[in-house]
1. Taking other Cβ within 10 Å of each residue's Cβ, how do Lys99, Lys29, Lys385 sort, fewest first?
2. Kirkwood Rh, segment 277-391, all Cα pairs: how many Å?
3. Net charge around Phe16, counting only other residues with Cβ within less than 14 Å of its Cβ (Lys, Arg = +1; Asp, Glu = -1)?
4. Going by C-beta contacts inside 10 Å, put Cys349, Cys297 in order with the fewest on the left.
Amino acid sequence: MDCGILPNRTIGPSKFGAQYWQFQPSLDKHATCIETTYLRPDIAGSILPWPYTMAWLLIHIPLVLVRVARWEKVQALSLFLAAVGIAFTIQTYSSTQRKPEEILVWTPLTIILDIGAVMQLIFLVVESAKGESVNGFVPLWGAFTELMAGMFGRGRERGRGSLGSNAHAVEESKNQTTAVHVDNVDSRPRTPNANANTAAAAAPAVQPTNPIINRRSSDKRLLGKALIVIFSALLFTGLITLQIMGLVSAIEGLASRGEGLTSSWCSPMFQSFAIAVADGNCVVHDVTSSASRGIGCITLSGAQQAGWLTGTVVALAASLALELVDLLVLALVESRARWRQVKMRRPWCTMFCGVVILIFYVIYGVLNASRLPSGMTELVWVFRKEPSLGIATVCRGTVTAAAL
């Protein structure tokens, strides 16, 4: 190690009272630390490991394809994934308090897929419930109000009224059936030879459908669709709120970037009385203990966090714009509109950009796990001082990227 460090330079935190000249005898021995070990970011600066992102991507790619052609088959799955996205985002917000230096943990870039999914459910489910009504909200709202009336105690009176109407409907059904049979009876004088012909003509009796059963099954379908629309609207509101909160926090983080962002990187080599680490660029870093891992950590530049703050602001602003475009497409484009046999009434912007963001996460996660942070070298010197004996030692070691 030949860095031209002054002999009286303080090494490590001042509480140890260590100066560079105290370590010179140990430096001359060229001692080696433990075998090569990893250097990885502390929990606050860790991005989601890429295998988890890959699994999330493998779930969403087929889901997006199904949403294009057979969206009815994945309604429950879309709602479940949106709820998981909300829970995960809330957990990251609460654990990090949306601090700028922890942007890699709480940035809400991936929820754009869930926002597009719930928007699609709202508009297409309403359209499927339209029927003969001008607006699909009318039958859905009617089914929902009936459910609420029953839940809050007015269901008994409605039940009595419906029983009366059902009885009336049964009576009308019987009358209609009787009328059908009466109409089918031939009033002409019968002859012995005509009896067989009359019986044969009357054989295919009309079996009228029961209006009560049809009404009940229709009400159940409408109620299910109404609940899907309501849940989708609630999830949409929550996702948009979290997205806007993330955008505001990222903008505030950029505004405070002048104060200097830092990141903490830890290694098992930085323990056992380690007080400082010098890298190959002759930069000496003080060692602090990690409360979460029980190992030593050093503080490096937060250039990565600053870049992610800028990227988060740009990406979230673009996401909100694309979500508005998809909202207009779902609201204004006719359901029969096609382009090269592909249905156009779909949230294409959010689906495409959401998949691209997940692919970016996978690529970035692989690269981030396979390289050291900017400005850090593999070869390092670890300064140690045992407090009770006052022995100052230095050893040379090698750190590598932490991979997974």
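1. Details: Lys99 15, Lys29 10, Lys385 21.
Taking fewest neighbouring Cβ atoms as first place, the list is Lys29, Lys99, Lys385.
2. Numbers: mean 1/r = 0.0522 Å⁻¹.
Across segment 277-391, the inverse of the average 1/r is 19.1 Å.
3. +2
4. Working: Cys349 20, Cys297 26.
If I rank by nearby Cβ atoms, fewest first, I get Cys349, Cys297.
Only the coordinates and a few stated rules stand behind these numbers; no lab work does. Computed from a predicted model, the values in this text were never measured in an experiment. Positions of Cβ are backbone-derived with ideal geometry, glycine not excepted, and every protein chain shown enters the neighbour counts.
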